[in-house]
Amino acid sequence: MADGTDPSKDSAGKIWTIPNILSYLRVVVFLPLSLGLIISEQYVWSLIALFILGSTDWLDGYLARRLNQLSDLGRELDPISDRASILLISLTLVFTGIMPWEFMAVIMVVDVIMAGLAIVLFKGYPTTQVNLIGKARTAVLLLGLPMLLLGEAAHSPGWRTAALVVVSIGVVLNVIAGATYAWQMVQAWRAQRTAVGIGS
C-alpha cells in the first residue's frame, strides 16, 4: 500500500469480518438449533442443521484466507466454537440416549485437564497452534456425531455400529490432540519463564 501499512495486519484486529460473522452464527444460531432439534427428536432437520454447522466450520477458515480477513479474534474463536459444538452435541446425544456416556466422559476429562493447565500455567486461555491432529479430531467427531443421529433416524443397527467406530476414532484422536496441546502449553510456559529469567 502507498502508506506502507500491511492490510493483513490491519485485518488482524477486526471483529466484524465475514469469517467471524459465520463463527458467531455457528455458536448462537446453528448450534442451539441443532441441540433443540435433537432433543425434540426431529432427526432429519437436526442432521440438516448439523451439516450447516459443520460446513460453516470449514467455510469460515476458507473465506478468511480467500478474502484476506484473518483476524486474532477468528483464530481464538474458531477452536472455542469447535470445542463448544462437540461438547454440547455430545452431551445432548448422551442425554437422549443416542451416544454411550463413556465417550462423553473421555472428551470431558481431556477438556477439563486442558482447562486446568491453562488456568494453572497461564491464568487464562493460552494461544496454542492448531495442529493436524486437532483438525482431524474435530473433523472426525463432526462426522461421527451426525452419523449416530442418522443411525437413530433410520433405526439401523449396522449404521449405528459404523457411527460408533467413527466416534471412537474421534475420541482417540481427541486424547492425542489434548496431549499435544498440553505439551505446547508446557513448552510455552517454560519459554515464558526462561524469558522472564533472562529479562531480570
Glu102-Trp159 FRET efficiency (beta carbon distance; Förster radius 22 Å; 0.05 resolution): 0.65
For the chain, convex hull of alpha carbons as volume per residue, Å³: 131 Å³
Tilt relative to the chain, helix 101-122 - C-alpha long axis, 0 to 90 degrees, to 10: 10 degrees
Pair Ile80, Ala188: separation of 7 Å Cα→Cβ label points (nm): 1.3 nm
Total charge dipole magnitude, the chain, about the Cα centre, Cβ charges on Lys, Arg, Asp, Glu only, Debye to nearest 20: 380 debye
Positive-pole candidate from Ser34, Thr92, Ala64, dipole of segment 7-199, charges at beta carbon: Ala64
Extended-chain gain in nm, criterion 0.36 nm per residue less alpha-carbon gap, Lys14 and Ile119: 35.1 nm
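No value in this document is a laboratory result; all are computed from the given coordinates. Please read all numbers here as calculations on a predicted model, not as lab measurements. Glycine also receives a Cβ, built like all others from the backbone with ideal geometry; neighbour counts cover every protein chain displayed.
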